[in-house]
Amino acid sequence: PEGITQPKFKIVYSYPVGLEQTWMAHEDILQKDWQLPVSMRVKIETPWMDSIKDAILDINESNLIFWVENVYNLDISLKYLIDPDKGKAKFIKDKKLLEIDLPITGLTEETK
């Protein structure tokens, strides 16, 4: 790559859903009280990496930083508070994809 770039990323949230909710009409689900997601998965595309050994991944309860010198710089302010000590990350080498699973613990000040 020419210089430092922000990698493409995607955040997917997981919500607690009971079997009874899968049988309900769509309108009934929308009328239910808002629910906090239980976890999030951050997928970061890393097409110019063959190994994760030189990457820095720094996660606190409301921010995620992914950095590789002279290649990638990503700084994400998270929508929800997470528990970084219980998070898990894995690098999928053949897809050149970093997946980070993080449990959600609450709302940040901006989302309250």
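The values are calculated or read from the model by the stated rules, or taken from the named source; none is laboratory data. Keep in mind that what you see is a predicted model, and the values were worked out from it rather than measured. A quick note on method: Cβ atoms are made from the backbone with ideal geometry, for glycine too, and the neighbour counts reach across all protein chains shown. Protein only, heavy atoms only, side chains kept; ligands, DNA and RNA dropped before computing areas. Shrake-Rupley method; radii C 1.70, N 1.55, O 1.52, S 1.80 Å.
Values for this structure:
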item: Area of Trp48 that stays accessible when all protein chains are in place (1.4 Å probe, Å², to 10); result: 140 Å²
item: Extension reserve of the Lys79-Tyr15 stretch, reckoned as 0.36 nm per residue once the Cα distance is removed; result: 21.6 nm
item: Estimated FRET transfer efficiency (Leu36, Asp58; beta-carbon r; R0 30 Å; 0.05); result: 0.80
item: Probe 1.4 Å, all protein chains present, accessible-area order of Val42, Val12, Val71, Val17, largest first; result: Val17, Val12, Val71, Val42
item: Protein accessible area in region 60-112, 1.4 Å probe - carbon and sulfur %; result: 44 percent
